[in-house]
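Structure below; questions to follow.
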C-alpha cells in the first residue's frame with residue numbers, strides 16, 4: 001500500500017509539460033433541438049469526463065492539446081463519438097444526439113468490440129438485446145465471437161452461469177472465476193458454503209439492462225478476485241418514457257414496465273423498473289416453474305460548478321423475489337414438492353467527482369452491498385415396513401436408538417413404519433459488502449499522454465444461513481447440523497496502481513499499460529490467518545496506417561499478459577466435520593415387538609489445510625485489428641494457464657470399535673422374552689439382564705473391528721491450460737439490399753491432467769470378515785481417467801438486413817460446429833498410470849499392447865502405491881508388489897486385485913467427437929410508428945433433425961432433442977413507449 005501511495009505522489013510531482021485548453025458546448029436532441037440533460041461525455045482512454053446540466057451544457061477544463069475521441073451517451077439516444085482536435089479553447093461545440101430507433105442509418109444488433117481498449121472487450125447494446133429477445137443475461141453472451149445460442153429454452157432446468165473462455169466442466173471451476181457485476185455490485189461472492197460455482201444469472205432483470213460490457217482479455221488491475229474475465233451489467237439511468245415490455249414464448253412469459261422520472265430542477269432522476277417472468281419446464285404439464293420478480297430503483301443526480309467541475313451521485317437498488325417451485329404439480333406424489341428461493345438484493349451508493357484539474361482528473365468512491373436468500377424447501381414421501389434408525393449424535397461413543405416420543409433428545413431415533421413425509425430445508429444466505437476509492441489523473445508530458453489510476457477496496461463476505469435442518473425431528477433421517485452462520489467472515493483488502501502511456505509517432509501510436517494489484521486476505525480465528533498476493537498485469541497496443549481511403553485503412557496490434565487471483569469459496573475454506581457410524585449391536589425383534597439398535601459413532605474432525613494457496617490464472621493474449629476496404633477483421637489469440645486450482649483429497653486413519661453380533665446370544669441363558677439389553681457408552685460392551693431379576697446379568701462376547709475413518713482435505717490441484725483463437729469479419733453494408741454480413745468464430749482447446757494423490761479403499765471385506773485393510777493412493781483419483789482434452793471449432797454467419805425507411809431489421813444467423821471432440825486422458829508425469837488389458841476379466845497388464853488410446857481395449861488403473869492398516873507409514877509400490885504376488889502369493893494377489901480399477905467399456909479412451917452440425921436462427925424487429933416495436937424470433941427454425949455420427953461409439957444419432965444445438969423455440973415481444 002505504501003509503495004502505491006508513494007508512486008502516486010511521485011508521479012504527481014512531475015511537471016506536466018504541454019498546453020491544456022477548455023472545451024465547452026451543448027448537447028441537443030437532433031430532431032427537436034431541445035437540450036439533453038444528464039448526457040455523459042467521456043474522453044476515451046482517460047479519466048476525463050463530465051455531464052450536461054439542465055440546459056444541456058457541458059464544460060471540460062484542462063484538456064490536453066491534441067486529438068481526442070469523446071464518447072457521448074444518454075439513455076434513449078444512440079451513442080455518438082465526437083472527434084476533437086484541440087489546439088485552442090473551444091466553447092461553442094454543439095453535439096446532436098439521435099433518438100435510438102430503427103430509423104437510424106446505423107443500428108448494431110451484434111457484439112461490438114471496444115477498439116479503444118488494449119485488451120479484448122465487447123459491448124452488447126440495448127438494441128441488440130431487444131432484437132435477440134433474451135430472457136436472461138447469459139442468453140446475450142451468445143453474440144460474442146464463436147459463441148452459440150443458449151441450449152436452455154427456459155429458466156427451470158438448471159442454474160445459468162456465465163463462463164468466459166472456458167467450460168464449467170473443466171478443472172478449476174472457470175465459471176467460479178468469472179466476475180458478474182451490476183451497477184458496480186458483485187452479484188455473487190465466495191460465501192457459498194455448499195458448492196464452488198459461478199453466478200446464476202436467472203434472477204437478474206433483463207428488460208432494465210441498458211448494455212452489457214464483457215472483458216474477455218486481460219482486465220485492469222482494479223478488478224480482483226477472478227480468473228476468467230468480467231461481465232459488467234449497466235441498468236437504465238436517466239430520463240425515459242414509460243416503457244412496457246411484453247414477451248411470449250411457448251414456455252416463458254415476461255411482463256415488464258420501467259420509467260425514468262425527472263424529479264425537478266437540480267433534483268435528479270429516479271429510474272423505476274419491474275419485471276415478472278414465469279417459465280415452465282413443459283407446456284403439457286406447466287407446474288414446474290421458475291418465477292422472477294425483478295425490481296430496480298436507481299437515483300442519479302449531478303452538481304455542476306462554474307469552473308467545470310461535476311459531482312455525480314448514484315444510488316441503485318436491484319433485486320429479485322422468486323425461484324423454482326413444483327408444489328402445484330398434480331402429477332407428482334401427493335403433497336410432495338420442491339421450492340427453491342432465488343431472492344436477491346444488490347445495492348450501491350457511489351460518487352464521481354470529475355475535477356478535470358491539472359493534478360487530478362476524477363475521484364470515484366462508494367459502497368456496495370449484496371445479499372441472497374437461496375433457501376431450498378423439499379417435501380418427500382417416505383415408507384418403510386420395519387423400523388429403521390436415524391443417527392443424530394455428534395459425540396464419540398456407543399448409543400442406543402429410542403423412539404422420539406419417548407426421548408426427543410435421543411442421539412439415535414427410531415423412524416416410524418408405514419408412510420410419512422419429510423420436509424427438509426437448506427438455508428444459504430450469502431452476504432458481501434465492499435467499500436472502494438479510486439482516482440485517475442490524465443495529463444501530458446510533451447507529446448506523451450499519461451493516465452494514472454490508483455485505488456483501494458475492502459470487502460467482507462459471510463453467510464447468514466442455517467444450513468440443512470428439518471421441520472419435524474421425529475422423522476428426520478441421519479443428519480448432523482452444519483450452520484453456515486457460525487463460519488468466520490472473510491475480509492480482503494486490496495490496493496492497486498496502473499499507468500497507461502500513449503506515445504504518438506508520425507503515422508502511428510503506441511499505448512503501453514502496466515499495473516500491479518496487491519491483495520491481503522484476512523480470515524481471523526482460522527489456520528489461514530492472513531494471506532497476501534500480487535497480481536501484475538500488462539498490455540500494449542500499436543496502431544498504424546490509419547486513413548480513410550485506399551485498400552489498407554489501418555491496423556492495430558495488441559498484446560497482454562496478466563496474473564489474476566481467485567479467493568476460495570467457503571466450501572474450500574471450511575471443510576465439514578464428518579461422522580463414521582457403525583452398527584454395534586442389533587439382536588433383532590424384541591419379544592414385545594420393539595426393535596433394538598446400538599451404533600458406534602466416531603466424529604472425524606475437519607482437516608484444515610494451512611498450506612492451501614489461492615488459485616490464480618496467467619492470462620496471455622495477442623490480437624490484431626485490420627481495416628481493409630469493405631471489411632474489418634479482428635483476431636484474438638489467447639493462452640491461459642490456471643494454476644493451483646481448488647480441489648480436494650482424503651485422509652485415512654485407522655480406528656477400532658466393538659461389534660456384538662447375534663451369534664453372541666447363543667450362549668445367553670436368559671430367555672429372550674425376559675432380556676433387557678444395555679451397552680456401555682465408552683467400552684461398547686453389551687450386557688444382558690433379566691427383567692425379572694432371577695438370573696444373573698451376562699456380558700456378551702464381541703469382536704474388535706478394525707476399520708478406517710476418512711476426512712476431506714482441500715488442497716491445490718494441478719495446472720490446466722486453455723487456448724483459443726477468436727475471429728470476426730465485418731463486411732461493409734451492401735447498399736443495394738441494405739444488408740451487412742458478419743462472420744465470427746472460435747477455435748478452443750482445453751487440456752487438464754489431475755496429479756493430486758487421492759487415497760481410496762475397497763468396500764469389500766477381507767477373508768477374515770474384517771473391513772478391507774489396504775489403502776491405495778491413485779494419481780488424480782481412482783477413476784480410469786484423470787483428465788481430458790477438448791477441442792471445439794465454431795463458426796457463425798450472420799446476415800443483417802436493415803431498412804431504415806420502414807423501421808425494420810431482419811437478421812439470419814447460421815451457427816455451425818465443425819469440430820467438437822473430447823479425449824479422456826490417463827497420464828502421470830512420473831510414469832504410467834493405466835495399462836491395457838488383454839480381456840475384461842484380466843487384472844494384469846497386457847504383455848503385447850501398451851497404447852490405451854487405441855480405442856479397442858479394456859484398461860486397468862493401478863494405485864501408485866498402497867499402505868496397510870498395520871503400517872500406515874510404509875508406502876509399498878503397487879505395481880511391483882502386484883506382479884510379484886501374481887507369481888508367489890495368490891492370497892495377497894486376490895486382495896490387491898480389489899484396488900484395481902477396470903474400465904467398463906473398451907472405447908473409454910477413444911476420442912469422442914461428432915461430425916459437423918448446424919442450426920439457424922431468425923430474428924425480426926419492426927417499429928410501428930413512434931411508440932410500438934414488435935419483435936419475433938425463431939431459434940433452430942429448421943428444427944434440424946440432421947444425422948450425426950459419434951466417433952467414440954460409431955453410432956449415428958439425430959440432432960432432434962439433442963443437447964448439442966439449441967432446441968426449436970420461438971416467441972414474440974411487444975415494446976410500448978408512452
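The values are calculated or read from the model by the stated rules, or taken from the named source; none is laboratory data. Bear in mind the structure is a predicted one, so any value in this text is a computation, not a measurement. Heads up, the Cβs are rebuilt from the backbone with ideal geometry, glycines too, and the neighbour counts pull from every protein chain shown.
Answer with yes or no whether residue 550 is assigned by TED's automatic domain parsing to the domain that holds residue 437, more than 30 Å from residue 198 (Cα to Cα) and not in a strand (DSSP E or B).
Considered against the rule, which asks whether it is assigned by TED's automatic domain parsing to the domain that holds residue 437, more than 30 Å from residue 198 (Cα to Cα) and not in a strand (DSSP E or B), residue 550 comes out as yes.
Being in a strand (DSSP E or B) and in contact with a strand residue (DSSP E or B) (Cβ under 9 Å, 6 or more places away or on another chain): is that true of residue 582 here?
When the stated conditions are applied, residue 582 passes them.
Evaluate the following for residue 363: is it in a strand (DSSP E or B), in the same structural domain as residue 192 (by TED's automatic domain parsing) and under 30 Å from residue 510 (Cβ atoms)?
Taking the combined requirement at face value, the residue satisfies it.
Can you name the condition, by its number, that residue 327 falls short on among (1) surrounded by 17 or more Cβ atoms within 10 Å (Cβ to Cβ); (2) free of Cβ contacts under 8 Å to residues at least 60 places away in the same chain?
(1)
Considering only the stretch 676-719, how many residues are more than 30 Å from residue 780 (Cβ to Cβ) and assigned to a strand (DSSP E or B)?
Summing the residues that are more than 30 Å from residue 780 (Cβ to Cβ) and assigned to a strand (DSSP E or B) in the stretch 676-719 gives 14.
Would you point out which residue out of 49, 45 is within 39 Å of the chain's Cα centre (by Cα), outside the structural domain of residue 207 (by TED's automatic domain parsing), at pLDDT below 90 and within 23 Å of residue 268 (Cβ to Cβ)?
After applying the criteria, what remains is 49.
Out of the residues in the stretch 429-447 meeting the condition of being modelled with pLDDT under 90 and either within 14 Å of residue 363 (Cβ to Cβ) or in a strand (DSSP E or B) (or both), tell me which one is farthest from the chain's Cα centre (by Cα).
My answer is 445.
So that you can scan it fast, the table gives a plain yes or no per residue for (1) more than 21 Å from residue 292 (Cβ to Cβ); (2) buried (at least 21 other Cβ atoms within 10 Å of the Cβ); (3) touching a residue at least 60 places away in the same chain (Cβ under 8 Å):
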position: 109; (1), (2), (3): yes, yes, yes
position: 115; (1), (2), (3): yes, no, yes
position: 132; (1), (2), (3): no, yes, yes
position: 165; (1), (2), (3): yes, yes, yes
position: 170; (1), (2), (3): yes, no, yes
position: 179; (1), (2), (3): yes, yes, no
position: 197; (1), (2), (3): no, no, no
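Something else about it: If a residue must be without any contact (Cβ under 8 Å) to a residue 60 or more places away in the chain and within 21 Å of residue 260 (Cβ to Cβ), how many such residues does the stretch 40-71 contain?
Selection size over the stretch 40-71: 9.
Follow-up. Which of the strands (runs of 3 or more DSSP E) found entirely inside the stretch 264-360 contain at least 1 residues meeting this: under 18 Å from residue 75 (Cβ atoms) and touching a strand residue (DSSP E or B) at 6+ places or on another chain (Cβ under 8 Å)?
It comes to 269-280, 289-304, 310-325, 343-354.
Only one of 642, 612 is in contact with a strand residue (DSSP E or B) (Cβ under 7 Å, 6 or more places away or on another chain) and part of a loop (DSSP other than H, G, I, E, B). Can you tell me which?
612
Now for a different question. Among the residues of the stretch 450-465, is there at least one that is surrounded by fewer than 16 Cβ atoms within 10 Å (Cβ to Cβ), over 16 Å from residue 428 (Cβ atoms), out of contact with any helix residue (DSSP H, G or I) (no Cβ under 8 Å at 6 or more places or on another chain) and in contact (Cβ under 8 Å) with a residue 60 or more places away in the chain?
no
Restricting to the stretch 912-932, and then to whatever is part of a strand (DSSP E or B) and more than 34 Å from the chain's Cα centre (by Cα), can you tell me which residue is farthest from residue 129 (Cα to Cα)?
928
Now for a different question. Can you work out which of the residues in the stretch 517-547 that are in a strand (DSSP E or B) and in contact with a helix residue (DSSP H, G or I) (Cβ under 8 Å, 6 or more places away or on another chain) is farthest from residue 630 (Cα to Cα)?
Looking at residues that are in a strand (DSSP E or B) and in contact with a helix residue (DSSP H, G or I) (Cβ under 8 Å, 6 or more places away or on another chain), I get 523.
Next up: Can you tell me how many residues within the stretch 407-428 are in a strand (DSSP E or B) and surrounded by fewer than 15 Cβ atoms within 10 Å (Cβ to Cβ)?
Number satisfying all stated conditions: 2.
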